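Worksheet: the structure to be examined is printed underneath.
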């Protein structure tokens, strides 16, 4: 691939009253990647997705998707993309199979082709049994899975998933993650995924952009982003009488950081690979570690470092 | 082009399925006109004979069929507009817009569904009226002409409903067409002939284009008026449909550009 699957330059979207929901966003997503667009509610994620999926014109800036300009060649863009918008907007009075059939026609597929692909997709998202039931009877997770199938009926090059797991219980969330990962590996489709869950971006995305108040505040692989703000912390729990000895041995690697009364913690200068060296050093002086805890910096820490605020995701509701 | 037609067909099929599965969406547009037809034809059974100036008709039932069809089509237009608006509210419309489907099909599907519903209802009312003794005076060609009127009438009402939906994006606002439709209908000759009206009411009914549409429709059914009345009514209803469809396309364009 010689061009990026999604490319944006200086996107701005101003709404009535001068509110800048998107304030100069530039990004580039290589083909075949899962790109995580992470930010709290109201950060401008959905507005950007609406611009990239030709639903909303930007006030300024340009964007291409699948090599086509979203403003000048919206029809070509629409042929390349699959879209599952927030809240899975699915007509509750239709059955899953009927909606798949309709979606196929909208994409210009023949009836036969749609039927064949529809059946395969229903199997893949595990909705064969519910295919002929009205969507109104589906659970939240089933709706999202149907939404995913609908977005895939025409085998798109770029898949936009706007908060695909918001409001889902943890099990449904993991099922959906597996689906997304699998289709990315199998079909090579680029996935542009917005989320307010750090864990989701960390789990799925090869590259993450963090957005706050309409601007991208950080951009990179999850590991790069974490490395940028800090090293993993190793915390060793020892018996109280060995605390001083342990502190002495570990101080040779790095200055201990505040920790509990029965443990010593340092940030590993060489990353997680340094655990063995510390353990060996403790062993050499006869200190018995009763517990070891290695904690990687999280994307939450990155968000905190970049914006000075904690990310507050919506409560996860089980329905 | 054939793909655009297939897409319009698929979307209108979906609109029809959805309408059928939600009884609230079609029962009122069938029940209220039927009830009014029964009440009026019972209450005013002797009006044609006793009221001076009442056009020559076989019975009040024959006279009121056109008004009944008009009423059903207008109510169906309102429900269609409300359904379209809830597609916008719920995000289903975005799903359609983000697909490469023909832009014309986005609105054409709903309006086509409204036409199908209008024609089905018209046929049903005529059947019921026939069972109760009414006769289409111009026979089968007359029946076909009535259905042609219905097609354009439903296109006009459906187009207006969809226009309001596109402009407001809210099902409640789209329901606002209802009082307007009711005023247009009752301040016209839909239920009584202009010959028996007087004063300001007659002035309003004379200006109201709906009067001419209903009167035109009544020519083949009840044998009132002449070919000129039928042609005038047909021309006006085609004009109304054209205006409504142009308004729909303009509103669609504005919504897609994000001006609304």
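Pairs of Cα atoms under 8 Å, at least six residues apart: use those to get the relative contact order of chain B, whole percent. Relative contact order comes out at 25 percent.
Quick one: pull the percentage of alpha-carbon pairs in segment B:1-150 with a separation above 20 Å. Display every interim value, and only then the final one.
Numbers: 6200 of 11175 pairs.
So the portion of pairs separated by more than 20 Å is 55 percent.
In terms of packing, defined here as the mean over residues of other Cβ atoms within 10 angstrom, the peptides A:100-112, B:55-67 line up highest first as B:55-67, A:100-112. Springs between Cα atoms under 10 Å define the GNM used for chain A, and in it the highest mean-square fluctuation of A:53, A:175, A:190 occurs at A:175. Working ranking of peptides B:132-144, A:149-161 by packing, defined as the average number of other Cβ atoms within 10 Å per residue, highest first, is A:149-161, B:132-144. If you take the Cα centroid of segment B:63-112 and the Cα centroid of segment A:170-224, the two points sit 38 Å apart.
Taking springs between alpha-carbon atoms closer than 10 angstrom, which of A:69, A:162, A:284 fluctuates most in the Gaussian network model of chain A? Ranking A:69, A:162, A:284 by mean-square fluctuation puts A:284 first.
Measuring r between the beta carbons of residue A:273 and residue A:251 and using R0 = 30 Å, the FRET efficiency lands at 0.95. In degrees, nearest 10, range 0 to 90: what is the angle between the Cα axis of helix B:2-21 and the longest Cα principal axis of chain B? The angle comes out near 70 degrees. Between residue B:242 and residue B:45, the modelled labels are 4.5 nm apart [label points 7 Å from Cα along Cα→Cβ].
Model label sites at residue A:187 and residue A:217, defined 7 Å from Cα along the beta-carbon direction, differ in position by 3.4 nm. Angle, helix A:275-284 long axis vs. longest principal axis of chain A, Cα atoms, 0 to 90°, nearest 10? Tilt relative to chain A: about 20 degrees. At a Förster radius of 35 Å, what calculated FRET efficiency corresponds to the Cβ-Cβ distance of residue B:31 and residue A:139, to the nearest 0.05? In this case the efficiency is close to 0.50. When chain B is treated as a GNM with alpha-carbon contacts under 10 Å, the residue of B:71, B:24, B:175 showing the greatest mean-square fluctuation is B:24.
Roughly how crowded by other chains is peptide A:92-104, in terms of the mean Cβ count from those chains within 10 Å of each of its Cβ atoms? Mind showing how you got there, number by number?
Numbers: counts 4, 9, 5, 1, 0, 0, 5, 3, 0, 3, 11, 5, 1.
Across the residues of A:92-104, the mean count of other-chain Cβ atoms within 10 Å is 4.
Based on the Cβ-Cβ distance from residue A:284 to residue A:113, what FRET efficiency comes out when R0 is 51 Å, to the nearest 0.05? Kindly include the intermediate steps, with their values, before the conclusion.
On the way: r = 68 Å, r/R0 = 1.34.
After rounding to 0.05, the efficiency reads 0.15.
Rank these for me by crowding, B:200, B:26, A:177, going from fewest to most other beta carbons within 10 Å.
Values: B:200 9, B:26 20, A:177 17.
So the residues, fewest neighbours to most, are B:200, A:177, B:26.
By the beta-carbon count within 10 Å of each Cβ, the least crowded to most crowded order of A:142, A:71, fewest first, is A:71, A:142.
As a proxy for reagent exposure, ranking A:139, B:170, B:99, B:43 by other Cβ atoms within 10 Å from fewest up yields B:43, A:139, B:170, B:99. Each Cα pair under 8 Å and six or more residues apart adds its separation to the average, and for segment B:22-67 the resulting relative contact order is 33 percent. Entry note, chain A: relative contact order of 20 percent, from Cα contacts under 8 Å with a spacing of 6+ residues.
Once the Cα atoms are used to define both axes, helix B:177-186 deviates from the longest principal axis of chain B by about 20 degrees.
Bear in mind that the values in this text are calculations on the coordinates, not laboratory data. Note that the structure is a prediction, hence the values are computed from the model and not measured. Every residue, glycine as well, gets a Cβ built from its backbone with ideal geometry; the counts of neighbours run over all protein chains shown.
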